[in-house]
Every structure is written in C-alpha cells, then in structure tokens.
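Contents: one structure, followed by commentary.
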Amino acid sequence: MDLEEKLGILTDAAKYDVSCASSGAERKGQKGGMGNAALGGICHSWTADGRCVSLLKLLYTNACIYDCSYCVNRRSNDLPRASFTPREVAELTMAFYRRNMIEGLFLSSAVALSPDRTMERLIRVAEILRHQERFMGYLHMKIIPGASPELVRRLGYLADRVSVNVEFATARELALLAPDKQPEGIRRNMLSIRERQLELLPSLYRGPRPPAFVPAGQSTQMIVGAGDSDDREILTRAQSLYQGVGMKRVYYSAYVPVNQQAEGRLPPPMLREHRVYQADWLMRFYGFEAEEILGRRRFLDARVDPKCAWAVDNYHLFPLNVNTAPREMLLRVPGFGPKTVQRILAARRQAALSYDSLGKTGAVMRRACYFVQARGRRLYPLPEDGTEVYRALAGQDKEAAVQLSFLEAADALGV
C-alpha cells in the first residue's frame, strides 16, 4: 500500500474524534527550526460538516485489538486496514506544513498490539518532529488508554496538548460498549498528567525554570447518545474532570451509528449535543454548577438554551438592577457575557447606567430585557411567573437565536 492510500484510509478513520483544538499553546520560532505555535490558533480549512480545521488529523493505525461497539475501527469490522511508520507521519506533517496547509498535527491511533507498544510509536513520531525536523508547531497527541505513566510523561514533554478520551459519563456504559477499556486506566493516565503539571509549577519546582509539559493542557471526549446516560450524568462527569484533574476542555460528540451491530440505536438530535456544549460553557465561563443548570431535569430543555432555562426556573431572583447587582448575578442574566458584565461594572463606577445605554455594552437586549432594570425602568413588565417569558424565548426565530448564541460565545472570548 502506497503512502497516498494510507493517507486516504487513516484521515477518514480519524474524523469521528472531535477532541482536538489548535489553540492554547505559544512557542516562538527559533533559528534553524521550522514553524511556531500560536496561542490564538489559526483556521485555514473546513470539514464537510462545517468544523474549522487547522491541523493535519490522522490515525497512526486503524488496526485495533479492541472491539468497541460504537467505533468504526473495531476489530470485528471488515474494512481496509493501514498503518504508518513514525517517519511517514513526520514527513507528511512537514510536507503539509511547508505548503502552508496546516499549523500542526493531531495524531491519534487505534490500539495495535498493546497500549504501550502503540504509545511508543506515537512518541517516536513526536521525537522525530521535535528533535530531527526541529518542528516548533502545534502537536496534539492522543494518550492510549491504559498506557504506562512513564510513557505518558515522555509524550507530555513533546506535545502541546494531549487527550485521554473517557468516552462515556459512567463506568457501566464503558463496560457495556467498550469492555476492553478500563476506567481505572483512563483515570490513571489523567492523574499522571495532572500530577506532573503540579510538580512543575514555578512555585513548587526546584530549579531555575521548569520544562514545558503539556503547556496547552489535556482534553477529553464524551459520546452523547450511544448509551443511556442522561445530560445530568454527562455534565456531572464533565464538572468532576474540570475540578478533579484540571481538564482544559471536554468535547462532546453526538453518537453516529457507524456499525451494523449497533442494535438499532438511533443517533440523538444534533441539538442535544449543542445544548450540552452550551451548558459546558456555563460551567467554564459563568460560574454555574452542573446541578443548578439542570434543576429537576434529567435532560436539557431543547426549546431554549440552558442559561435561559435556568433564569426562568429561578424567575423569583429577577429583575436585577444592573447598577447594584453583583458580578456573579449579572453573569447569569441571559444576553450578558463576561465581557459585557465587565463593561457594565466599569461603566457604573462612573455613572448610573440607564436602560437605554445597556445596549452599548454589548448586551443582547432581546434576551436580557425580561430580566433586568436600570434606574427603575424595564422594557417588559414582569409577570407573576416565568411562563410568559419562557414562551417568548422559545418562540424566537431559530436562526436569530443561533446567531445570538454565537454573539454570547464571542463575547465570552472577548472577540
């Protein structure tokens, strides 16, 4: 099999892994080296489903010893198998980079022979790129579940970001759908990375300057809808990963039935994945806990975003006076993002804000109008309960609602 055939097979096999991002690490180019890693990331190309891609995304091999029921590369599937050599992956990466088509590499792999043997191959790829090719661009490498902590740490000194996929929110789902993977091995890998990061903190490191170790942090992926976990279990698990192992990012992927043996399970609506991402955003940037986002629900409401649903469920806390409310509560107003709240706090130190001036802070007043007042004025009188507001928010034009969600997301990032 020639290199072009391998590339076609192994790039296609990598498309279901969404736990990658090109931002989070910065490294300046050096004389005699090749490339650099930009903190803000870059976006050069798009996948067929609209996702922005700046990395060469490959599987090292799709020949797997595991038989996970949700995975297209499971050993019982009859499909073309291929494997690269470490040198081939390095040469492909440099060839794409020199043509200005990528800014880095995302390399994952099926489990060939054993977790440790596969990890050794991935480490060899990173060593060739860093030490022989002098490649200073972005490297995101997959940790093979169950690999030894020593190999995990070796890779951590070479890669910008690593990811260890938990796949499911509960151990029972993992045992049912991926019986070859052990939750203890996955958690051990995550903790090994976290412990080394803590050891290398400048305040704890005994030396002039700690070496870079996974500077962009670790990420993971959970599959939504492949098992029987509800949104409460998914978000609770994500929260424990953020708080317990210092996870940088949890990615969510709606289940795609790629195998005939999927026992007739239907894929979840993409809106469910979207709502889980929105709830995750609230935990990361708005100070929400998983329990309060869901309230009494097991699943997130499909009609409105989680922030609006929380605000209506807690309608007794509103309206907020934007001139006196604390930052923590302002962040919970639908239509207010972190940058908007920062502008409100800065502006009200100079003079009391009027209702009409709120729009100048970047607030999305189409949502916020139901929940705030300024100088005793509010655009919409508050009904006795939130039912009327809920209907208004749920009845908004879908395209406009999506655009407003993007506005709040951009606001949170300061875009």
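Taking the condition in a loop (DSSP other than H, G, I, E, B) and under 15 Å from Ala169 (Cβ atoms), does Met283 pass?
Working: in a loop (DSSP other than H, G, I, E, B): no; under 15 Å from Ala169 (Cβ atoms): yes.
Criteria not met by Met283.
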Among the residues of the range 291-301, is there at least one that is crowded, with 16+ Cβ neighbours inside 10 Å, in a helix (DSSP H, G or I) and on the phi < 0 side of the Ramachandran plot?
yes
Among (1) farther than 30 Å from Met270 by Cα; (2) part of a helix (DSSP H, G or I), which single condition is Ser354 missing?
(2)
Check whether at least one residue in the range 218-225 is within 24 Å of His274 (Cα to Cα), modelled with pLDDT of 90 or more, assigned to a helix (DSSP H, G or I) and not acidic (Asp, Glu), and report yes or no.
no
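Each row is one residue, and each column tells you yes or no for (1) within 30 Å of Pro257 (Cα to Cα); (2) assigned by TED's automatic domain parsing to the domain that holds Arg74; (3) small (Gly, Ala, Ser).
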| site | (1), (2), (3) |
| --- | --- |
| Glu127 | no, yes, no |
| Glu133 | no, yes, no |
| Gly137 | no, yes, yes |
| Ala147 | yes, yes, yes |
| Arg153 | no, yes, no |
| Val162 | yes, yes, no |
| Arg172 | yes, yes, no |
| Asp180 | yes, yes, no |
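One residue is enough: does the range 329-340 have a residue meeting the conditions more than 27 Å from the chain's Cα centre (by Cα) and surrounded by 15 or more Cβ atoms within 10 Å (Cβ to Cβ)? Give the derivation first.
Restricting attention to the range 329-340, the residues satisfying the condition of being more than 27 Å from the chain's Cα centre (by Cα) are none.
Scanning the range 329-340 turns up no residue that is more than 27 Å from the chain's Cα centre (by Cα) and surrounded by 15 or more Cβ atoms within 10 Å (Cβ to Cβ).
Taking the conditions exactly as written (of a type in the set (A, V, I, L, M, F, W, C), in the same structural domain as Ala126 (by TED's automatic domain parsing) and more than 13 Å from the chain's Cα centre (by Cα)), does Val250 satisfy them or not?
no
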Taking Trp310 and the conditions (1) within 21 Å of Arg237 (Cβ to Cβ); (2) in the same structural domain as Gly362 (by TED's automatic domain parsing); (3) without any contact (Cβ under 8 Å) to a residue 12 or more places away in the chain, which numbered condition does it fall short on, given that it satisfies the others?
(3)
What's the number of the only condition in (1) farther than 20 Å from Ile293 by Cβ; (2) part of a helix (DSSP H, G or I) that Ala238 fails to meet?
(1)
Would it be correct to say that His131 is without any contact (Cβ under 8 Å) to a residue 40 or more places away in the chain and either at negative phi or not small (Gly, Ala, Ser) (or both)?
yes
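The values are calculated or read from the model by the stated rules, or taken from the named source; none is laboratory data. All of these numbers come straight from a predicted model, not from anything done at the bench. Don't worry about glycine lacking a Cβ; one is built from the backbone with ideal geometry, like all the others, and counts go over all protein chains shown.
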